[in-house]
Amino acid sequence: MAQAKIEFRKVRDFGQLLSATFEFIRQNFKLLFKSNLLIAAPFILLAGVFMGLYQSSLFDFSSQPDIESFGIPFLISIVFLMFSYLIITMVTYSYIILYKNSEFGSFDIDDVWKKTKSNFWMLLFTGIGFAVVVFFGFLLLIIPGIYLSVALSIIYIVRMEEGVSLFDAINRCIKIISANWWFTFGVIIVVGFIQGFIGFIFYIPSYIVMFLLAFAGVDAYSGGTAKILFIISSIISSLGTLLYAINTIAIAFQYYNLIERKEAPGLMQQIENIK
């Protein structure tokens, strides 16, 4: 029996929004997970490899430590990790747009890839713009930075759904969020907590490796074994970035929720369909 398609353009309270988020994940888990994994895999893999190299260098006392080189793998890992989060954001929003605009189940990974690819540069510059605005917000005072980081949380879906410019999208986000900032903040915090709680599972291998090295001693894992263990465990930890899709989906539902509250395009469409 076919599952009912979830309506995004709908007014929801806090509990309904969380329920819709996890119901959407349940219905679309296989294709959504596969899309994110395959498209973001190179960045996730490289982030894990370089983080593993960084961690292993901290435990490598067999040679004279080179303090200056310690941070290079770490910085490279952070760059790839940031790209992983950005790609997962792109893929998830592309999936949502395709889901919303097509018949249920009538698209595949190729469609998601094409949609992601077509919006890549727009969303990349959006991410840079988001980072710059929030950075200056924190630079001026902490509170403006926090306010802007929440207000602009919907900027990616605004640009994809409404096709507006970056500056128009910033103004649009602030207008949409204005009367519902605390609501949106609460959604981000609660979903972030759930995401972090689940994500802890992916860090268990790293903790096990560090425990083994601390308990058995570094010499017991010589000959590159420690480095391999750190790289494998770090790759597993990096896979936790896939959970960021949960946050992205919740923000998408919040965007459509706020749009319905302010402008009711979904309701107007239903009225038009009745006519």
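One line per residue, one yes/no per condition, for (1) at pLDDT below 95; (2) crowded, with 21+ Cβ neighbours inside 10 Å:
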position: PRO42; (1), (2): yes, no
position: VAL49; (1), (2): yes, no
position: PRO73; (1), (2): yes, no
position: ILE78; (1), (2): yes, no
position: ILE88; (1), (2): no, yes
position: ILE109; (1), (2): yes, no
position: THR126; (1), (2): yes, yes
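Scan LEU46, LEU37, LEU17, LEU58 and give me the residue that is within 16 Å of TYR85 (Cβ to Cβ) and over 16 Å from the mean Cα position of the chain (by Cα).
LEU46
Scan segment 181-192 and give yes if some residue there is over 30 Å from PHE33 (Cβ atoms) and either at pLDDT 95 or above or under 25 Å from the mean Cα position of the chain (by Cα) (or both), otherwise no. It would help to see each step written out before you state the result.
Initially, segment 181-192 is screened for residues over 30 Å from PHE33 (Cβ atoms), giving 181-182.
If we keep only those that are either at pLDDT 95 or above or under 25 Å from the mean Cα position of the chain (by Cα) (or both) as well, we get 181-182.
Yes, because at least one residue in segment 181-192 is over 30 Å from PHE33 (Cβ atoms) and either at pLDDT 95 or above or under 25 Å from the mean Cα position of the chain (by Cα) (or both).
With the checklist (1) modelled with pLDDT under 95; (2) among the hydroxyl-bearing types (Ser, Thr, Tyr); (3) within 18 Å of the chain's Cα centre (by Cα); (4) closer than 23 Å to ILE25 by Cα in hand, flag the one item SER149 doesn't pass.
(4)
The values are calculated or read from the model by the stated rules, or taken from the named source; none is laboratory data. Worth saying up front: this structure is predicted, and the values here are computed from it rather than measured. A quick note on method: Cβ atoms are made from the backbone with ideal geometry, for glycine too, and the neighbour counts reach across all protein chains shown.
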